[in-house]
Amino acid sequence: MEETFAIKSDPELWAELDMDVERFKNIPPVLTEAFKNIFLSQTNRPKTMAYFDDMVKNIFTGRIREMVDAKGEGRPVIGTFCVYVPEEIIHAAGGVCVGLCGGSQGSIADAEKILPRNICPMVKSAFGFKVGRICPFFQVVDFVYGETTCDAKKKTWEILDRYVPTHVMEIPQMKRERDKKLWVEEVKDFKAAIEKLMGREVAEDELRASIETMNAKRLAMQRLNSLRHHNPAPISGRDMLLIQQIAFYDIPERFTEKVGELCDELEERIASGEYSAPEEAPRVMVSGTPMALPNWKLHNIIESLGAVVVNEESCIGTRYYKDTIETGGANEEEMLEELTKRYMKVDCSCFTPNDERIDQVLKEYRESGAEGLIDYCLQFCHTYNIEAVKLREACEREGIPFLSIESDYSPEDVGQLQTRVEAFLEQIEG
Ligand code: BJ8
C-alpha cells in the first residue's frame, strides 16, 4: 500500500470559494484513509492507475484550481446531476461540466435539516453539500442544471435555487415522437442559457468539435470496459468504478488520453497473463442506480469477499458511454437532432415503458461474462426499485442468479449486506 498517499488540502482556495473551511478541512484526511483501505490495499493494480489516484489526490485542490482558472478566463463552469444534461454543449462553449451528484453520508445531516428524511440519499447528499458549504465543486460552479427525472430531484431544485442559480431541464418520461420534439426544444434552451452566460453564441464548428471530443471519450470508455471483461479480469471493479466516477470531473481530452494509456496497459497485461483477479474469482455484474463519489460501499463488499465486479450498468457506468453521436450533421439543427437521438437512448428507469433497459442489462451481462447480477437501488428510488421486478423476472427466465439490494450511504447495513452478498456468491459458485 502506498503509505505516502494523501488527498491534498488548500484552505486558502477553499476560503476564496466561501466554504466552511473549519469543517471541510477534516474531509481530506478521512477520505484519504478510506481510499487507502479500499483502493491502495489492492494488489497487482495496473501501473497507469497512478493518474487516476492523482486525480483523487487533487480532487479538492488542483482540479478545483483548474476550474477557478477556467472561470477567470470567462469559460462557464456548470454543475449537473444527470447524464441527460448534454455536456457536448458546455464543452463546445469552452466550458467545464462537473457532475455534482452526492455519494457521501457526511452531508446528509445538513440536508435533513431542510428536506424530508425519506428521500433518495443521492439528492440529500448533493443538497447537503451546498447548504453546508462543504463541496468545492458546488462552490465553484456558475450555475447548476437540474432535470425532472424523478420527484425528489425536481422538487429539490426549487429549494436549491435559493443557494445557487438552478435551471431545470424537462426530461420527457416517454419516448414518442412528440416527446422527442420536446426534448430537442429543451436542448436548445439549454444551449441558449449557456450562451447567455458567456455573452456569445456557440459556433457550429465548436459544436462539431465538441461532439467529436465527447464521442472519443465515450469510445475510450467502451474500449476500457470491453478489456475489463476479459476472464481473468485485468482490472478490479473498484478501480473501474473509480475511473467512471472521475469521468464526471476530469478534463475530457486529458481523461480520454489517460484511459487510452490504461487500455494499452491492459492489453499488455492480458497478453502476458497478468491479472487483478484470480481466474476462480466469481464474476458479478452490478446494475441500477448510480454510485457517485465516494460511494464505494457495494464494490468494496463484493470484492473484499473475493469476487470481482465485471460491469456496471449504471449512469456512472455503461449508461454514460454506451452510445455516441452520429457526426454527419451538416448544420447546427442537424447536429442537435443527432445529439438528441443519442441522449434519447439513455435508458433511465424514469422512462415508461423502459423495456430496452432490461434488454440492455441482459446484453451487458452476456458480454461481460458475469455469473450473477446484483441490482443496486438507492433507498427511496421508486423507479429503479419497481423496475427491479421486471429485471428479476428476466433473470429468472434466463437462469441468471439475481440479487436485489436497496441501500443508502450509512455504514449501518454493511454487515447485513456482507451476509447477503456472501450467500449470493456461494450460490454462484454452486
Ligand atoms: S439518467 S439514473 S443520472 S436520473 S437514484 S436521484 S432517479 S431517486 S440518479 Fe439518475 Fe439521470 Fe436516471 Fe441516470 Fe432520482 Fe433514483 Fe435518486 Fe436518481
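Every number in this text was worked out from the coordinates using simple rules, so none of it is lab data. Values in this document were obtained by computation on a predicted structure and should not be read as measured data. Glycine also receives a Cβ, built like all others from the backbone with ideal geometry; neighbour counts cover every protein chain displayed.
Could you pull out the GluC sites (Glu not before Pro) across segment 68-174 that fall in loop regions by DSSP (anything but H, G, I, E, B) with no more than 15 other Cβ atoms inside 10 Å? Before the final figure, lay out each step's value.
Numbers: sites: Glu73, Glu87, Glu88, Glu112, Glu147, Glu158, Glu170; in loops: Glu73, Glu170.
When the GluC sites (Glu not before Pro) of segment 68-174 are filtered for loop state and at most 15 Cβ neighbours within 10 Å, Glu73, Glu170 remain.
Using only helices, what value at 222 nm comes out for the chain when you add -39,500 (n - 2.57) per DSSP H run of length 4 or more and divide by the total residues, to the nearest 500 deg cm²/dmol?
Values: 20 runs with 226 residues, N = 430.
The per-residue figure over the chain is -16000 deg cm²/dmol.
Taking other C-beta atoms within 10 Å as the exposure proxy, Tyr365, Tyr163 rank Tyr163, Tyr365 from fewest upward. The aspartates and glutamates whose alpha-carbon is closer than 14 Å to the alpha-carbon of Lys47, local same-chain residues fewer than 8 away aside, are Glu2, Asp239, Glu261, Asp264, Glu265, Glu267, Glu268, Glu274. Listed by chain and number, the lysines whose C-alpha is less than 16 Å from the C-alpha of Lys71, apart from same-chain residues fewer than 8 away, are Lys196. In a reduced charge model with +1 at each Lys and Arg Cβ and -1 at each Asp and Glu Cβ, segment 14-89 shows a dipole moment near 360 debye about its Cα centre. When the alpha carbon coordinates of segment 225-337 are projected onto the principal axes, the ranges are 52, 32, 21 Å, largest first.
Legend: distances between Cα atoms for Lys36/Lys258; Lys124/Lys181; Lys153/Lys188; Lys181/Lys258; Lys180/Lys217; pairs beyond 29 Å are Lys124/Lys181; Lys181/Lys258. Per-peptide packing, taken as the mean over residues of other Cβ atoms within 10 Å, places 241-248, 407-414 in the sequence 241-248, 407-414 from highest down.
Would you mind telling me which residue in Asn295, Asn225, Asn354 has the biggest mean-square fluctuation in a Gaussian network model of the chain, where springs connect alpha carbons within a distance under 10 angstrom? Of Asn295, Asn225, Asn354, the Gaussian network model singles out Asn354 as fluctuating most.
By the count of other C-beta atoms within 10 Å, a proxy for reagent exposure, Arg65, Arg319 are ordered fewest to most as Arg65, Arg319.
Averaging 1/r over each pair of different alpha-carbon atoms in segment 11-429 and inverting the result gives 21.9 Å, the Kirkwood hydrodynamic radius.
The alpha-carbon atoms of segment 1-101, seen along their principal axes, cover 41, 33, 22 angstrom, with the largest extent given first.
So how strong a dipole does the chain carry about its Cα centre when Lys and Arg Cβ are +1 and Asp and Glu Cβ are -1, to the nearest 20 debye?
Values: 52 positive and 76 negative charges, 163 e Å.
Here the chain has a charge dipole of around 780 debye.
Screening the chain for whole DSSP H helices of 24 Å or more along their axis (Cα) with average Kyte-Doolittle hydropathy at least 1.0 returns none.
Can you bin segment 129-220 into rounded, prolate or oblate? Criterion: square roots of the alpha carbon gyration tensor eigenvalues sorted a ≥ b ≥ c, rounded for a/c under 1.5, prolate for a/b above b/c, oblate for the rest. List each step's numbers first, then the result.
Working: a/c = 1.71, a/b = 1.22, b/c = 1.39.
Oblate, since a/c reaches 1.5 and b/c is not below a/b.
Projecting the Cα atoms of Val346, Pro28, Trp183 onto the dipole axis of segment 11-429, where Lys and Arg carry +1 and Asp and Glu carry -1 at the beta carbon, places Pro28 farthest toward the positive end. Dipole of the chain computed with +1 at Lys/Arg Cβ and -1 at Asp/Glu Cβ about the Cα centre; of Cys82, Leu266, His229, farthest Cα towards the positive end is Cys82. The simple spin-label model puts a point 7 Å past each Cα toward its Cβ; for Glu204 and Lys36 those points are separated by 5.7 nm. What lysines could a cross-link reach from Lys363, if we take a straight Cα to Cα line under 20 Å and drop same-chain neighbours fewer than 8 places away? By straight Cα distance, Lys363 reaches Lys322, Lys345, Lys390.
Three principal axis extents describe the C-alpha atoms of segment 268-326; from largest down they are 36, 30, 18 Å.
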